[in-house]
Structures are given as C-alpha cells and as structure tokens.
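Trainee: Got a structure here, written out as structure tokens. Questions coming.
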Amino acid sequence: MPEWADGVSSVPFRGASLAALKSTSTELGLGFDRAELGRLRSYFRVAGRDPTDVELAGIAQSWSEHCSYKSSRPFLKRAFGGLRARPRVLGTGDAGVMRFEKGYAYALRIESHNHPSAVEPYGGAATGIGGILRDVLAVGGKPIALTDPLFFGPLDRSPEEVPEGVKTPRYIAEGVIAGIRDYGNRVGVPTVSGGIYFDPAYIVNPLVNVGCVGFLPRPRLLPNRARAIGDRLVLVGGLTGRDGIGGVSFASRELTDRSESESRGAVQLGNPIMKEPLIHACLEAFDRGLVRGLKDLGGGGVAAAAGELVHAGGFGLRVDLARVPLREEGLRPWEVWVSESQERMVLDVRARDVPALAEIFRRYDVPLSDIGEVVKGPYETVEWNGRPAGHLRLGFRVAPPALRRRTRPRPHRTPRRNVLPPEEPDRLLEMLVLAPDSLSREAVIRVYDHEVQGRTVLKPLHGRVASPSHGDAAIVRPRPESARGLAITTAAHPWACREDPETGAELVVEEAARNLYAVGARPDAFTNCLNFGNPEDPRVLDDFARVTDGLGRAARALGFAIPSGNVSFYNGGLGAEIPPTPVLLATGIVPDLAHATSSDLKEPGNPLYLVGRSRPELGGSLWARRSGRTGLRLPPADPLAVRAAGERLLAAMTKGLVRSAHDVSDGGLAVTLSEMAFGGGLGFSVDLGRTGLTPPALALAAEGASRWVVEVGIDTAQRFERALAAVPFARLGVVKEGAVGELTNSGRPIAAIELGPLYARWRSELGLP
C-alpha cells in the first residue's frame, strides 16, 4: 500500500457492500449509482487497495452526466453523424471551428448554467459567461460576440406562488441579466443576440444558456490535446479556492427545496477583471507558438481539464497539486483537484518554452504555475508536495462507458382538429403584440454593451434611433479589411417541442435559418444547448432522442454543420418538469455587407410581400399559449422548402431588390408586421385574405411554418417576383405614411390600429431589468 501524502485519506471500498458504498457516495456528494459503484469496487479490488479521496473526487467529476455525456452520447452520435465532419468544419473541440474565408476561421459554442443560476442568479449567470469565453479561447479564438437565450417563469409570480426554497422569477431574471451585463461588459465582449422566454415550467428551474463566437487566423487553431511526452502542464489564470467544488455533481441531479442551503458552494465566483488580461496573455502566447494544446478549467477543475487534455493525446500525466496557486489557506488536496474556481486554463507547453511563456503572463499580471508534465500512458499520478495522492489508469477515469438507458414514448395524444381564434382582428393583434413573449427587449439589450470592439454592423435592435424594434439576427464584421460578415442569431421553440419533440426540433432549425436569410446571410453552422429533464425517466430520454433526430434531419436539409454543442439534463425538481428545450446559436455568412438587410420598414408606397406558404395549424403558437390551448396540430416542417425560398430571397437581396425583411415566427403576422412598422416609424395596409387563410384572425395568428414578410422598392417589384421563381408568395399590401396598421380582408376594411400608442406600451411594459 502506498504511503499517501498528508491530507490524503483512504476510503474503505473493496470490502464494502453496494448498499454501504451508496451511503458513502451520498454522504460525500459523489453522485455514483449502483452500477458505477460496482465498477469502482472491481477496479480497486484488482488494484489491491482502497481509493483515496483525491481519486474518488476526480472520478466523480469525470463520471458525472455533466462531464461524461454518458446518457446522451449514443443519441448524439446517431443524430449528428457526419454533421461535425463537413469540409468547412475545421475543429470540434471545446468549441466548434468553421472556415470563414481564406486564412481565417470562427469558433462557436453554447453552454448552460442553469442550476447555478437557480441558486445564485447573479453569480451563476456571470460565471456562465466566463466559461463560454474560455471555451472559445481554448481553440485559439478571440471572443468577439456573446448571446444569451434565457427562460424564466412568469414575472408576476409572488413569493407565495412559488414552491418553498425557490426564488421568484423576477428575482432570478434581474440577477441573471445583471450577471451577464457586468461580466460581458467588463471583459469587453459585446452581447449581440439572445432571447427571453416565459413559461410556468421554468419557475423551479430557469434556463440560462450563453453562447460565444470567436475569431482566429487559421494558423492559431489549437487542439484540446497534449502533444508529446515531456511537455509541461502549466496552469494560468485565477487563484484556486473552495468555490465551485462539486459543481458538476450538483448540475447532474434535480433541484430540491434544499439546493439553496446545500449547494450554494457549488456556484463559482467570477472575476472578469482577471479574465480580460488572461485572454490577452493567452492570445499573445498562441501567436508566438508557445502553446501546443490547452483546455479550459470549467466543470471538474484541474482533474477534468488536465485529464481530458492528456488522455486525448494518448498519454499519461503527473501533477503536484501543491503547486496550484491558492486563494485561501487550508484547502485539502481533493479540493484543489476538483475546485471549479474560475478564470483558469491548463496549457501544454514545451519545457524550453516555459520561461518565455512566464514572461508574457508576468507582463499581464496573470498567475502562472508549472504543475506537472505529460508522461507515457496509461496512468495519471497525482501528488501533494511530492508524495502520492492518487494513481489511476487515466482512461478508467476520464472515459466512462456510455449508459444504455431505456426510452419510452409518452402516451400518444392525438392532436385535436385545428381551432380558429375567436377574437376580433384588432383585439387579437394587440393581445399578441403585448404578450410577455413579444414585448420589446430593448431595456435588457441596452444594459449590454453590443458596440464594444467596434465589429457590430447590424445591431440587435433594428430601425430608427427614436423607435428601435426587434430584428432577426445581428451581423458582425470580424475583419475590417474584408467586406464579409458573420450573422449571429438564436432560436428556440419549447412549446412546439412539447407538442411534438421531433417536428418541434425541425421547426427550431427552420427558424434559425429564416433568421439568417432575413438579414442576408446563408446558413453555415449551429451549436446547440439541449435542455431536458431527468434522463433516468424513459419518457425524457425518448423526447431527447426525437429532438436530436429532428435537429439532425433539418440541419442536413438546410446545409448547417453542427461542430459543437452541449447537453443539460436534470432540469426540474419539486414535481416540475421543463418541456424539451433545444436552443440554437446559429451563424451565417454574409458575402457582402453592402447587402445586409434589417427588419424596419423603409419607405411609404413600397410593396409588402409574404414569401412562403401559409399553414393554418396553431399548435405551440403564441395564440395557443395565451389561450391555454394544448394538443393542437403543429404546422408541418419542410426544411427543404425553407432552403429553396431562402436562397431565392438571398439572391434578390444580392441584386439590391429587398429593402427590409422579417421572418414570421412567434405571434404570426400580427407581431411581424407590427415590429417592422415600429422600427420604421411607419404604418402598413395589408389584405389578410391574400394569405390564403380564413378568417382574418387566423391569418394574423398562424405561425406556420416558414415565411417572411419582405419590403421591396416600388420600381423593383416585378424583378423581385421573377427572382422568387417557383417559391410561393403573395403581394400582401403596402407601406403607409403615418403610424396606422390597416387590415383588410379581400379588399374589405376590417380594422385600423393606431400603432403609436401600441408601440409605447410594447416598448415599456416588460418591466426588466
């Protein structure tokens, strides 16, 4: 038996029963199930000794759902096979990397920080931003844009209306927005896209998804693997404390009424003032060729990052945890091993390059410590002050087998026949425009700095300075020397996925593509954050399988690559269950920024066209949610038709035929037309009968399935119609002077809506931040 270092404990394991081991796992917060405990016991029986607390802590992190994807791996491989290997995909590591133009690439990744944000909204959201920045940095990218799709319960719920131990949605929302604001603004990366969604299903477990896009010259692209025996493992960035210990285990179980008291220590502490110089120091080191590979330290801390880095290269490692710089005294070796303290990276560096690397980080006042080396595999040796603290076969720890959990479809619910909205058109339009999911996000967008770095060409808000409105995507200009742009958007539709996970997922991908086409971009890639409930529930896992199948099928049809992604299970608790919530951060290439298109109406007299085929189904629609209707049919997905129409629309934009465009999604034509008019400070006159849907209320509320409203110049209308070729379209109406929305039905006037007062309410009633 080894003589373990001081502070390292041996945990009785070999001779214990599974019941006793389960009790030990629960007591220590390790999160092992019975099968995993049996596997561990067998390993250490063969080894002829009991494990140390350091070894068990590291294994617990690596085997957690959050780190290992043990439940999701088989489904992801089946659904996304080939989508990560398209020719324009350059990397699939901590972030996906895509070709941008000759000599340059961009990186993209989306992550979740749901559980931490439920317990400590400000810190959970802030460290979510910190983590996603590191993912992009870990492939050599300079972060240039952030996104933040957020899901909360209704803001009007009082403390008496939420379960015990759960914070109110307003408290959570305000804390989350403040955390994203403070971290993103202070580190100097613009937040250019996102969304805020409301549903009672997110009261217990809000979803805080954050994404990042980075940019890099292709020679800077770095692998997330060690390169050679003898290389040094160098830890750079923030100091290590007790914050975040057990964070991935916390994220791999459902929330309870005790999560606030029991798991607050699992929430990390962010430090954006350290992150900015860390980014600059890393980028300089990358450009000088001093770094051969790297990983960011997120979930699982040094244990996960160093282990994955070295195992990916086919090597072993030796580290001395006493060399890790500490923020506080008294940390035990196992705590140093798995602490998730923020703003840290582990770098693979040639021994001869360590002094030059250290000089760079000294200039930026960023801590650096050589903590170990890459050795011949297959073992990892963990030490404390030169004495042993653990010795494991590395592959046993960092590469657990995938679980083959059972799936079982939810009881089949035959969709009802479609229903017709009973509201009068003017009242219906007001109801949809003033719904919480439609209200202006301007107040939130304004607290984020979306201009920093000077790359944002098309802003998150489109339209006049005096009356900004929503757009479909933002566009950044990664290189000032190039006319090529990168469009960035987010898309989600949990309500459609709740009705039919597979079709709903396809509709989410279609929405992402429509958003990109609407601003003049060709869809290129998306990264997905797949938010689901407990994977031990066969119904949840069946939903997951169906969603991934839908995402993969639609991605293939629309030409998207999927170079990266994230899975977040165990969202729920206290009897609550979230709907399947796949969230996309999607990117598109704008060949020439001169043809970028915004959503705001431009000039009175210009014709308005509805491009795409209208469908009457209202399943998952905003009207259905506001009316309490479930079980309605979804509009069918048709991604090939979306691609055909989008390419025709893109060609028309390239010819200068399109003045404005906006996709028809949540809230149907009612919201689309209103937002276009709000942004331009103009009005419209449209004939709802030309949609092919009756009555007029249905034409306003229907969202199906893939359509755009397009404004065209008076003199180019015929050329635009010819450019559409076989794509279905209707000449819907005309842009009008004055803020009035005129609705007709087959030429008969049915409503005239004063848009000025409606805009004032739409702009002010959200009540955030």
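Trainee: Determine which single condition Leu83 fails, assuming it passes every other condition in (1) modelled with pLDDT of 95 or more; (2) over 23 Å from Ala303 (Cα atoms).
Mentor: With (1) modelled with pLDDT of 95 or more; (2) over 23 Å from Ala303 (Cα atoms) applied to Leu83, the lone miss is (1).
Trainee: Quick one: which helices (runs of 4 or more DSSP H) sit completely within segment 356-461 and have at least 3 residues that are open to solvent by 30 Å² or more (accessible area, probe 1.4 Å) and of a type outside the set (Ser, Thr, Tyr)? It would help to see each step written out before you state the result.
Mentor: Values: elements: 394-398, 425-433, 442-447.
Counting at least 3 such residues, we get 425-433, 442-447.
Trainee: Taking the residues in segment 551-562 that are out of contact with any strand residue (DSSP E or B) (no Cβ under 8 Å at 6 or more places or on another chain) and among the hydrophobic types (A, V, I, L, M, F, W, C) as candidates, determine which candidate is least open to solvent (accessible area, probe 1.4 Å).
Mentor: Of the residues in segment 551-562, the ones out of contact with any strand residue (DSSP E or B) (no Cβ under 8 Å at 6 or more places or on another chain) are 552-554, 556-557.
In the following step, the residues that additionally are among the hydrophobic types (A, V, I, L, M, F, W, C) were identified as 554, 557.
On the way: Ala554: 0, Ala557: 18 Å².
Across segment 551-562, the extreme among qualifying residues is Ala554.
Trainee: Now a separate question. Just name the residue that is farthest from Gly395 (Cα to Cα) out of those in segment 89-112 that are touching a Leu at 6+ places or on another chain (Cβ under 9 Å) and open to solvent by 30 Å² or more (accessible area, probe 1.4 Å).
Mentor: The first filter runs over segment 89-112 and keeps only residues touching a Leu at 6+ places or on another chain (Cβ under 9 Å), leaving 89-91, 93-100, 104-110, 112.
Subset that is open to solvent by 30 Å² or more (accessible area, probe 1.4 Å): 90, 93, 99, 104.
Details: Leu90: 26, Gly93: 18, Arg99: 32, Tyr104: 35 Å.
Only one residue tops the list, namely Tyr104.
Trainee: Among the residues of segment 529-550, which ones are within 24 Å of Ala644 (Cβ to Cβ) and either among the polar types (S, T, N, Q) or open to solvent by 10 Å² or more (accessible area, probe 1.4 Å) (or both)?
Mentor: Looking only at segment 529-550, we keep the residues that are within 24 Å of Ala644 (Cβ to Cβ), and these are 549-550.
Listed by number, the list holds a single entry, Asp549.
Trainee: Of the residues Val139, Val166, which is among the β-branched types (Val, Ile, Thr), farther than 23 Å from Arg477 by Cα and in a loop (DSSP other than H, G, I, E, B)?
Mentor: Details: Val139 fails: farther than 23 Å from Arg477 by Cα.
Result of the check over Val139, Val166: Val166.
Trainee: Which of the residues that make up segment 688-719 are assigned to a helix (DSSP H, G or I) and among the polar types (S, T, N, Q)? Give the derivation first.
Mentor: Start the filter on segment 688-719 by keeping residues that are assigned to a helix (DSSP H, G or I), which leaves 688-691, 696-701, 714-719.
Of everything in segment 688-719, those that are assigned to a helix (DSSP H, G or I) and among the polar types (S, T, N, Q) turn out to be Thr691, Thr716, Gln718.
Trainee: Would you check which residues across segment 333-355 are touching a strand residue (DSSP E or B) at 6+ places or on another chain (Cβ under 9 Å) and surrounded by fewer than 18 Cβ atoms within 10 Å (Cβ to Cβ) and list them? Working first, answer last.
Mentor: We begin by selecting, within segment 333-355, every residue touching a strand residue (DSSP E or B) at 6+ places or on another chain (Cβ under 9 Å); these are 333-337, 339, 341-351, 353-354.
Arg350, Ala351, Val354, listed by residue number.
Trainee: Just to check your reading of the model, which residue among Leu331, Leu269 is farther than 29 Å from Arg186 by Cα and assigned to a loop (DSSP other than H, G, I, E, B)?
Mentor: Working: Leu269 fails: farther than 29 Å from Arg186 by Cα.
None of the others qualify; the one that does is Leu331.
Trainee: Cβ-Cβ distance below 6 Å, separation of 6 or more or different chains: which pairs start in segment 437-466 with a residue that is under 23 Å from Glu174 (Cβ atoms) and end on one that is of a type in the set (S, T, N, Q)?
Mentor: Tyr448/Thr191; Asp449/Asn185; His450/Thr191; His450/Thr456
Trainee: Turning to a different aspect of this structure: Test Ala178 against the criterion of being part of a strand (DSSP E or B) and either on the phi < 0 side of the Ramachandran plot or not β-branched (Val, Ile, Thr) (or both), and give yes or no.
Mentor: Working: part of a strand (DSSP E or B): no; either on the phi < 0 side of the Ramachandran plot or not β-branched (Val, Ile, Thr) (or both): yes.
Criteria not met by Ala178.
Trainee: Follow-up question, since we're still on this one. How many residues, within segment 296-315, are over 21 Å from Ser112 (Cα atoms) and either of a type in the set (A, V, I, L, M) or open to solvent by less than 10 Å² (accessible area, probe 1.4 Å) (or both)? Break it down stepwise before answering.
Mentor: Here is the first cut: in segment 296-315, the ones over 21 Å from Ser112 (Cα atoms) are 306-307, 309-315.
Pick out the ones that are also either of a type in the set (A, V, I, L, M) or open to solvent by less than 10 Å² (accessible area, probe 1.4 Å) (or both) and you get 306-307, 309-310, 312.
Here the count works out to 5.
Trainee: Report, by residue number, each residue of segment 144-185 that is over 22 Å from Arg441 (Cβ atoms), of a type outside the set (A, V, I, L, M, F, W, C) and open to solvent by less than 40 Å² (accessible area, probe 1.4 Å). First the steps, then the outcome.
Mentor: At the first step, the residues of segment 144-185 found to be over 22 Å from Arg441 (Cβ atoms) are 158-166.
Now drop any that are not of a type outside the set (A, V, I, L, M, F, W, C), which leaves 158-161, 163-165.
Residue satisfying the conditions is Ser158 alone.
Condition check ((1) over 19 Å from Arg625 (Cβ atoms); (2) under 21 Å from the mean Cα position of the chain (by Cα); (3) at pLDDT 95 or above) across all residues:
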{"site": "Phe151", "(1), (2), (3)": "no, yes, yes"}
{"site": "Val162", "(1), (2), (3)": "yes, no, yes"}
{"site": "Arg170", "(1), (2), (3)": "yes, no, yes"}
{"site": "Ala178", "(1), (2), (3)": "yes, yes, yes"}
{"site": "Asn185", "(1), (2), (3)": "yes, yes, yes"}
{"site": "Gly188", "(1), (2), (3)": "yes, yes, yes"}
{"site": "Arg218", "(1), (2), (3)": "yes, no, yes"}
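Trainee: Another one. Restricting attention to segment 647-667, report how many residues are part of a helix (DSSP H, G or I), in contact with a helix residue (DSSP H, G or I) (Cβ under 7 Å, 6 or more places away or on another chain) and more than 27 Å from Tyr197 (Cβ to Cβ).
Mentor: Within segment 647-667, the first condition is being part of a helix (DSSP H, G or I), and the residues that meet it are 647-654.
This time we only want the ones that are in contact with a helix residue (DSSP H, G or I) (Cβ under 7 Å, 6 or more places away or on another chain), so: 648-654.
From what is left, the residues that are more than 27 Å from Tyr197 (Cβ to Cβ) are 648, 650-654.
The number of residues fulfilling the criteria is 6.
Trainee: Can I ask one more? Pull up segment 195-216, narrow it to residues that are small (Gly, Ala, Ser) and surrounded by fewer than 24 Cβ atoms within 10 Å (Cβ to Cβ), then point me to the one that is nearest to Gly628 (Cα to Cα). If you could, list the steps in order and put the result at the bottom.
Mentor: Applying the first criterion (small (Gly, Ala, Ser)) to segment 195-216 yields 195, 201, 211, 214.
Now narrow it down to the ones that are surrounded by fewer than 24 Cβ atoms within 10 Å (Cβ to Cβ): 195, 201.
On the way: Gly195: 22, Ala201: 14 Å.
Step by step, filter segment 195-216, then rank; the result is Ala201.
Trainee: Continuing with the same structure: Of all residues in segment 567-586, which are out of contact with any Ser or Thr (no Cβ under 6 Å at 6 or more places or on another chain), open to solvent by less than 10 Å² (accessible area, probe 1.4 Å), part of a strand (DSSP E or B) and at negative phi?
Mentor: Thr581, Pro582, Val583, Leu584
Trainee: Only one of Glu536, Glu481, Glu510 is in a helix (DSSP H, G or I) and of a type outside the set (Gly, Ala, Ser); which? Even if it seems obvious, please write down each step before you answer.
Mentor: On the way: Glu536 fails: in a helix (DSSP H, G or I); Glu481 fails: in a helix (DSSP H, G or I).
The match here is Glu510.
Trainee: Same structure again: Among the numbered criteria (1) under 26 Å from Arg719 (Cα atoms); (2) open to solvent by 20 Å² or more (accessible area, probe 1.4 Å); (3) of a type outside the set (A, V, I, L, M, F, W, C), which one does Pro636 miss?
Mentor: In the conditions (1) under 26 Å from Arg719 (Cα atoms); (2) open to solvent by 20 Å² or more (accessible area, probe 1.4 Å); (3) of a type outside the set (A, V, I, L, M, F, W, C), Pro636 misses (1) alone.
Trainee: Report yes if some residue within segment 673-680 is in contact with a helix residue (DSSP H, G or I) (Cβ under 6 Å, 6 or more places away or on another chain), part of a strand (DSSP E or B), open to solvent by less than 10 Å² (accessible area, probe 1.4 Å) and at pLDDT 95 or above; otherwise report no.
Mentor: Step one: list which residues in segment 673-680 are in contact with a helix residue (DSSP H, G or I) (Cβ under 6 Å, 6 or more places away or on another chain), which gives 674, 677-678.
Next, from what is left, pick out any that are part of a strand (DSSP E or B): none.
So far as segment 673-680 goes, no, none of its residues is in contact with a helix residue (DSSP H, G or I) (Cβ under 6 Å, 6 or more places away or on another chain), part of a strand (DSSP E or B), open to solvent by less than 10 Å² (accessible area, probe 1.4 Å) and at pLDDT 95 or above.
Trainee: Still on this structure, please answer the following. Check off (1) surrounded by fewer than 24 Cβ atoms within 10 Å (Cβ to Cβ); (2) assigned to a loop (DSSP other than H, G, I, E, B); (3) among the hydrophobic types (A, V, I, L, M, F, W, C) for Ile589 and give me the number that stays unchecked.
Mentor: For Ile589, the exception is condition (2).
Trainee: Quick check on segment 110-136: of everything there that is outside any strand (DSSP E or B) and among the polar types (S, T, N, Q), which residue is nearest to the chain's Cα centre (by Cα)? Walk me through it before giving the result.
Mentor: First, the residues of segment 110-136 that are outside any strand (DSSP E or B): 113-136.
From what's left, among the polar types (S, T, N, Q): 114, 117, 127.
Values: Asn114: 11, Ser117: 15, Thr127: 14 Å.
Filtering first and then ranking leaves Asn114.
Trainee: Return the pairs, sorted by first residue and then second, in which the second residue is open to solvent by 40 Å² or more (accessible area, probe 1.4 Å), the first residue lies in segment 730-752 and is among the hydroxyl-bearing types (Ser, Thr, Tyr), the beta carbons are less than 7 Å apart, and the residues are 6+ apart or on different chains.
Mentor: From residues that are among the hydroxyl-bearing types (Ser, Thr, Tyr), the pairs are Thr744/Ile750.
Trainee: Here is a further query. Is it true that some residue in segment 229-249 is outside any loop (DSSP other than H, G, I, E, B), over 23 Å from Val166 (Cβ atoms), at pLDDT 95 or above and open to solvent by 10 Å² or more (accessible area, probe 1.4 Å)?
Mentor: Yes - at least one qualifying residue is present in segment 229-249.
Trainee: Could you grab me the full set of residues in segment 89-109 that are in a loop (DSSP other than H, G, I, E, B) and over 24 Å from Asp296 (Cβ atoms)?
Mentor: Lys102, Gly103 - these are the residues of segment 89-109 that are in a loop (DSSP other than H, G, I, E, B) and over 24 Å from Asp296 (Cβ atoms).
Trainee: Within 30 Å of Val419 (Cα to Cα), open to solvent by 20 Å² or more (accessible area, probe 1.4 Å) and out of contact with any Ser or Thr (no Cβ under 8 Å at 6 or more places or on another chain), is that true of Arg643? Quick ask: steps written out before the conclusion?
Mentor: Details: within 30 Å of Val419 (Cα to Cα): yes; open to solvent by 20 Å² or more (accessible area, probe 1.4 Å): yes; out of contact with any Ser or Thr (no Cβ under 8 Å at 6 or more places or on another chain): yes.
Taking the combined requirement at face value, the residue satisfies it.
Trainee: Follow-up question, since we're still on this one. Being out of contact with any helix residue (DSSP H, G or I) (no Cβ under 6 Å at 6 or more places or on another chain), charged (D, E, K, R) and free of Cβ contacts under 8 Å to residues at least 12 places away in the same chain: is that true of Glu164 here? Talk me through it step by step, then tell me what you get.
Mentor: Values: out of contact with any helix residue (DSSP H, G or I) (no Cβ under 6 Å at 6 or more places or on another chain): yes; charged (D, E, K, R): yes; free of Cβ contacts under 8 Å to residues at least 12 places away in the same chain: no.
Spelling it out, it is not the case that Glu164 is out of contact with any helix residue (DSSP H, G or I) (no Cβ under 6 Å at 6 or more places or on another chain), charged (D, E, K, R) and free of Cβ contacts under 8 Å to residues at least 12 places away in the same chain.
Trainee: Which pairs do you get when a residue that is farther than 19 Å from Glu510 by Cα, found in segment 651-664, comes within reach of a residue that is of a type in the set (D, E, K, R) and buried (at least 23 other Cβ atoms within 10 Å of the Cβ), reach meaning Cβ atoms under 7 angstrom, with the pair 6+ apart or on two chains?
Mentor: Arg659/Glu711; Ser660/Asp600; Ser660/Glu711
The values are calculated or read from the model by the stated rules, or taken from the named source; none is laboratory data. In this text, all values refer to a predicted model and were calculated from it rather than measured experimentally. When we count neighbours, we look across all protein chains shown, and the Cβ atoms used for this are built from the backbone with ideal geometry, even at glycine. Note: accessible area is taken over every heavy atom of the protein model, side chains too, but ligands, DNA and RNA are not part of it. Shrake-Rupley method; radii C 1.70, N 1.55, O 1.52, S 1.80 Å.
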